[in-house]
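The values are calculated or read from the model by the stated rules, or taken from the named source; none is laboratory data. Source: prediction; values computed, not measured. Please note: Cβ atoms are built from the backbone with ideal geometry, for glycine as well, and neighbour counts cover all protein chains shown.
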Amino acid sequence: MTDIAATLPADSRPSSAVRAGRYVKDHLIYVYMALAIAYLMLPVAVMALFSFNDPPGKSNVAWHQFSLQAWLNPFGVPGLSDVVRTSVVVALISTIVATALGTLIALALVRYNFRGSGVTNALIFLPMATPEIVLGASLLTMFVAIGRQPFFPTNFVTILIAHIMFNISYVVVTVRARLYGFDRHLEEAAMDLGANEWTTFWKVTFPIILPGILAAALLAFSLSIDDYVITSFTAGRTNTFPIFIWGSARIGVPVQVNVIGTTFFLIAVGFVVVATFIQGRQNRPPKVVDRPDATPTPAAERALAPAAEA
Amino acid sequence: MGARQRILKLTPYLLLAPGILWLLVFYVYPAIQMFISSFWTGTLETGFTFSLGNWTTYVDALTRYQSQFARSLVYGAAATVICFIIAYPLAYGIAFRGGRYKNVLLFLVIAPFFTSFLLRTQSWKIILGDDGIVFGPLKDLGFLPPEFRVLATPAAVIAGIAYNFLPFMTLPIYVSLEKIDGRLVEAAKDLYAGPWRPGGTIGGTIIGGLVGVGLGLALSYDALVIGIIGALVGTIIGTFFVSESILRVVLPLSLPGVFAGSLLTFIPAMGDFVNAALLGNTQTRMIGNVIQSRFLENNDYPTAAALSFILMAAILAMVAIYAKVLGTEELTSAR
C-alpha cells in the first residue's frame, strides 16, 4: 500500500484528498477541545458579563445596559459584606485545620505500614463518595439528637465543623499524590549526613511536598467558600455567601453578587498563575532525564543543601 | 532502644489520630445517628421517641417518593453518559495532543470550580432562558417555534448536572490516559491497526442511536428525533475519531479512569438538588429536593433521615461493587 502511494506523483488527486481528510481528522480534536472548554467557561463568562449589567428591576437575568455601578459599590446590598466576611473566615479556618489534619494522615498512609491502613483508606474515601446532601443531613440529625431540648444551636461553629470534615479527605488525596512521587533516597541521604528525623522532615520532606500541601489548601479553600449544600444544613441562622445567593435566587440575584463572584474567580486564577510561575522558575534547569516521573530534582537538591551543610 | 521502637510503631497512629478522630465524630457518628433517627416518631416541639416499630417509615418513604428516586437515577445516569461523551475526547486531546499547553488546558478544565457553582447554575438560567441569548435570536429568526423552551424541563436539569460535574469526569480519564505508554499505540499501528472504517461508522451509528433512544425514552421526549440525533453524532465520532488502536489499546487501558470518573459524576449527580431547584420545575424534583425540604422546611426528620439512608445505602452498594472490580486505591488516587 505505502509503496503504491509513494510511486504516485505528489500532486495527484487521491493523495491530496487523503491529505485533506487526514488534516481534518487531525485537527477535528482541537476544534472539539476548544468547544468543550468554551462550554466549561461560558457560564463564568456570562457571570462576569452580567456584573456590568444595570437591570431595571431586581432580577438580573436579561441584558439591559452597561454600567459600572455594581463594581464601584460592591457591597451596596444590605448584609452582603457580612456574608462574604463569614464565608472567607470559615474558608480560612477550615482550610488551615483541614490541611494540617489531612497532611498528617497522608504522611502516615504513605510512609508507614501499619495495621488498619485499609480501614483508614476507606474512611478517607467514604466522605468523598457520600453525596453532599447526606453529609449535611446526617450532621443536622446529630446536632438535633445531641441538642434535644433546646435544639443544638447550629451556627458558625457547626459550619466550621462540617467544612473541616469534608475538606480532610480532599487534602489527604492531594498530598498523598505528591508523596507517592517522592524519592525516599533524599531523606536517607540527609540522615546519612547526620540530620535527625525532625531536621530531615523540615529541611527535606516538607519543602518537597509543600507544592502538594499548597494545592490541597487551595482546593480546600475553594471547596469551602463555594459550599452551599452542606452549609445549608449546618448554618442555622448564620448566612454565608452561597446561602445568600440561594436566598436571593428567587427574588433576583443582585448584580453585586456577580461582582464578588467574578472577583473571587480572578483572585483564584491569579493565585494559581503566580504559583505556577514561581514553581516553573524554580524547576527550570537542569532537566531530569532519566526519571521523568520523579519529583523535580533541582528543588529537592536545593532543599537538601542546608541539611547537607549542617 | 525498646522505648524508641515502641514510639516509632506508634508514630503512624499519632499522625492519624486528630484527623481520623474528626472523621469518626463528624462523619461516622452522624451517619449512625441518622440511621437511628429514621426510627423516630414525633415532632421538633414534642421531642422524638425511638422505636424499632417505625421501620414502616422506610416503606412509606419509598412508596411516596419512588418517582423522585427514579428521576434521580435517570437524571444521574443521563448526566453521566453525557459527561462521558464530552469528557473522553477532551481528556484524550489534552493527554495526547496537549503538548506544552497541557497544564494550561487542565487548568481551564478546573477553572470553573473557582466560581460559585450557584452562580454558574444561575448563568445557565440566563443562557437557557426562554427568550435568552441563545433561544431569543433563534426564535426571532424562526428556527424555533415561540413556545419552545428548555428551562424548567428535564433537559435543563440534566444539562446543568452534566455541566457541574464535567471536570470530575474529565480529570480521572485524563490521569489514566496520561499513564498510557505512547509506544503501545505505535506498536499497534506497526501491527496494522488501521482506521476501522466500516466498523467504526456502523458501531458509532448503532451505539449513538441506542443512547439517543434511551435518553429520549427516559426523559419522555420524542425518542425517534433524539435517537436520530444520537445516531448522527455516533456516526461522526465512529467514522472520524475511533480507530483500531484507540478501540483496542487506548480505551481498555483508560477504563479505570472511566469507571472512577463515572462514579465521581454519578454519585453527586444522584444527590443533587440545586440544578433541579434552579433550572427545573415541580415535575423535575429529585430525591435531593425532597430530602432538603423534609429536613429544612417540614422538620420531618424521620422521613428525611430514612430517605437519606436509602440514598446512601444505594450509592455505597454501587461503590462497593466498583471498588471490588477496581480496588479502592485506584479509585481514590485517580481524583
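Annotations for the structure displayed:
- B:Y92 meets all of the listed conditions (1) more than 8 Å from chain A (Cβ to nearest Cβ); (2) modelled with pLDDT of 90 or more; (3) farther than 30 Å from B:A314 by Cα but one, namely (1).
- For the range A:22-52, a tally of residues being modelled with pLDDT of 90 or more, closer than 15 Å to B:A87 by Cβ and touching a Lys or Arg at 6+ places or on another chain (Cβ under 9 Å) returns 1.
- B:I126 meets all of the listed conditions (1) within 10 Å of chain A (Cβ to nearest Cβ); (2) free of Cβ contacts under 8 Å to residues at least 12 places away in the same chain; (3) β-branched (V, I, T); (4) surrounded by fewer than 20 Cβ atoms within 10 Å (Cβ to Cβ) but one, namely (4).
- Of all residues in the range B:21-79, those that are at positive phi and in contact with a Phe, Trp or Tyr (Cβ under 7 Å, 6 or more places away or on another chain) total 1.
For every residue, the table says whether it meets (1) loosely packed, with under 15 Cβ neighbours inside 10 Å; (2) charged (D, E, K, R); (3) facing chain B (nearest Cβ under 9 Å); (4) outside any loop (DSSP other than H, G, I, E, B).
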residue	(1), (2), (3), (4)
A:W198	yes, no, no, yes
A:V204	no, no, no, yes
A:L219	no, no, yes, yes
A:S222	no, no, yes, yes
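- With respect to being farther than 30 Å from B:M318 by Cα, polar (S, T, N, Q) and crowded, with 20+ Cβ neighbours inside 10 Å, B:S245 fits the description.
- Matching entry among A:I161, A:I124 (being under 18 Å from B:P268 (Cβ atoms) and touching a helix residue (DSSP H, G or I) at 6+ places or on another chain (Cβ under 9 Å)): A:I124
- Taking each residue of the range A:30-50 that is at the interface with chain B (Cβ under 7 Å from one of its Cβ atoms) and on the phi < 0 side of the Ramachandran plot and looking for partners that are buried (at least 18 other Cβ atoms within 10 Å of the Cβ) and charged (D, E, K, R) with beta-carbon atoms closer than 9 Å, six or more apart or interchain, yields A:P43/B:R120; A:V44/B:R120; A:V46/B:R120; A:M47/B:R120.
- Output for the range A:236-260, where each listed residue is under 21 Å from A:P131 (Cα atoms) and more than 10 Å from chain B (Cβ to nearest Cβ): A:G236, A:T240
- Scan the range B:32-61 for residues that are surrounded by fewer than 21 Cβ atoms within 10 Å (Cβ to Cβ), at the interface with another protein chain (Cβ under 7 Å from one of its Cβ atoms) and under 21 Å from B:I287 (Cβ atoms) and the total you get is 1.
- Candidates B:F113, B:F148, filtered to the one that is touching a residue at least 12 places away in the same chain (Cβ under 8 Å), over 23 Å from A:Y32 (Cβ atoms) and surrounded by fewer than 24 Cβ atoms within 10 Å (Cβ to Cβ): B:F148
- Count of the range B:106-133 residues which are outside any helix (DSSP H, G or I) and within 22 Å of A:S232 (Cα to Cα): 2
- If you go through the range A:231-267 and pick out every residue that is surrounded by fewer than 23 Cβ atoms within 10 Å (Cβ to Cβ), under 20 Å from the mean Cα position of the chain (by Cα) and within 22 Å of B:N289 (Cβ to Cβ), you end up with 0.
- Qualifying residue in the range B:141-152 (condition: modelled with pLDDT under 90, in contact with an Asp or Glu (Cβ under 7 Å, 6 or more places away or on another chain) and away from chain A (no Cβ under 14 Å)): yes
- Of everything in the range B:70-84 that is aliphatic (A, V, I, L, M) and over 10 Å from the mean Cα position of the chain (by Cα), the residue that is farthest from B:M312 (Cα to Cα) is B:V74.
- The residues on offer are B:V274, B:V319, B:V290, and the sole one that is over 26 Å from A:A122 (Cα atoms), under 16 Å from the mean Cα position of the chain (by Cα) and within 11 Å of chain A (Cβ to nearest Cβ) is B:V274.
- Number of positions in the range A:29-72 that are part of a strand (DSSP E or B) and small (G, A, S): 0
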